[in-house]
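**Q** Before I ask anything, let me first share the structure, which is written out below as structure tokens.
Only the coordinates and a few stated rules stand behind these numbers; no lab work does. No experiment lies behind these values; they were computed from the predicted model shown. Virtual Cβ from ideal backbone geometry, glycine too; neighbours counted across all protein chains shown.
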Amino acid sequence: MNRTLLVTSSPRGADSLSTRFAIQIAEGILGHSGGSLAVRDLAANPPPHIAPAYIEGRITSPEERTPEQIEAVKIAQELVDELKAADVIVLGSGMINFGPSSQLKAWFDHVTWPGITFSYGDTGPKGLLVGKNVYLVTAAGGVFSEGAWAPFDFQTNYLLHLLGFIGLTDVEVVRVEGTVLGPDALQAAIANTETAVKSLLAKVA
Ligand SMILES: Cc1cc2nc3c(=O)[nH]c(=O)nc-3n(C[C@H](O)[C@H](O)[C@H](O)COP(=O)(O)O)c2cc1C
């Protein structure tokens, strides 16, 4: 059975295009392939910033953890467990100050966990979340896939790096670009993404 995890993270609520298209992809996959859908809305329910209780708690044996450490590690464990349980992950991200939202950064700070989602071996770091398909929707006010602003894409490139670091290397990227460059650019961005999502879902069918 296909288990899909939808993770959304834009702080723009109902206006978010990354959320809109990530939902469309997740529902499309469900419609084509069936299975279950789990939803993690990081904007509505953001993980906390990581703190000493988490950093020290995760290297302390479970029976020796303080109540604060137990609580902090529990949050990370829950996020990792739902990621591990998924075969398909659909991740929506809206650019905030050239990177992902701090909500999504906090999520990665919890799920990037040595010994759990990656390990260090003789050949360097090794991602442990293997065999999953990821659909990454990144929305940005400007255009970053090419042109003068491409070197400043600290969203898509960063997310691809982090996903790969924990073993999620099979990633299909859908970009929604130029969303704040005026009404025509916005309409074009939406139309282009609708086409991209349609052809992506045709491949899933
Ligand atoms: C607080 C804030 C910061 C933003 N920073 C950037 C930025 O650095 N570069 C950019 O191109 N667009 C920026 N934008 C525009 C968003 O990336 C754009 O609205 C995008 O569509 C957001 O994704 P979403 O539609 O999924 O919410 C920013 C928007 C907000 C609200």
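**Q** What full-extension length gain, to one decimal in nm, is calculated for residue 50 and residue 149 as 0.36 nm per residue of separation minus the Cα-Cα distance? Don't jump to the answer; show the numbers that get you there.
**A** Details: separation 99, 0.36 × 99 = 35.64 nm, distance 3.08 nm.
Going from the current span to full extension adds 32.6 nm.
**Q** State whether region 4-81 is rounded, prolate or oblate according to the following rule on the C-alpha gyration tensor (a ≥ b ≥ c being the square roots of its eigenvalues): a/c under 1.5 gives rounded; otherwise a/b larger than b/c gives prolate, and the remaining case gives oblate.
**A** Details: a/c = 4.74, a/b = 2.01, b/c = 2.36.
Verdict is oblate for region 4-81.
**Q** Hey, if you put +1 on the Cβ of every Lys and Arg and -1 on every Asp and Glu Cβ in the chain, which of 57, 205, 189 ends up farthest toward the positive end of that dipole?
**A** So the residue furthest toward the plus end is 205.
**Q** Same structure again: Let me know the shape class of region 144-205, please: from the alpha-carbon gyration tensor, a ≥ b ≥ c as square roots of the eigenvalues, rounded when a/c is under 1.5, otherwise prolate if a/b is greater than b/c, or oblate.
**A** oblate
**Q** Quick one: net charge of residue 32's neighbours, Cβ under 13 Å, K/R +1, D/E -1? It would help to have the intermediate numbers written out before the result.
**A** On the way: positive: 198, 203; negative: 27.
Value of the local net charge: +1.
**Q** Can you give the calculated 222 nm mean residue ellipticity of the chain, where each DSSP H run of n ≥ 4 adds -39,500 (n - 2.57) and the sum is split over every residue, rounded to the nearest 500 deg cm²/dmol?
**A** Values: 6 runs with 84 residues, N = 205.
Roughly -13000 deg cm²/dmol at 222 nm, from the helical runs in the chain.
**Q** Right, something else. Against the longest alpha carbon principal axis of the chain, how many degrees, from 0 to 90 and to the nearest 10, is the axis of helix 156-165 turned?
**A** It is inclined by approximately 40 degrees.
**Q** On to the next question. For region 54-120 and region 186-205, what is the separation of their Cα centres, given in Å?
**A** With region 54-120 and region 186-205 each reduced to a Cα centre, they are spaced 31 Å.
**Q** Lysine pairs in the chain with alpha-carbon atoms under 19 Å apart, 8 or more places apart or on different chains: how many are there?
**A** Values: 74/84; 74/105; 84/105; 84/126; 84/132; 132/203.
Taking the chain as the scope, the lysine pair count is 6.
**Q** Dipole of region 80-195, Cα-centred, from +1 at each Lys and Arg C-beta and -1 at each Asp and Glu C-beta, to the nearest 20 debye?
**A** Values: 5 positive and 12 negative charges, 48 e Å.
Rounded to the nearest 20 debye, it is 240 debye.
**Q** Also, quick follow-up: Compute the signed sum of charges (Lys and Arg +1, Asp and Glu -1) over the other residues within less than 14 Å, Cβ to Cβ, of residue 70. All intermediate terms of the calculation are to be shown ahead of the outcome.
**A** Details: positive: 58, 65, 74; negative: 56, 63, 64, 68, 71, 78.
Net charge around residue 70: -3.
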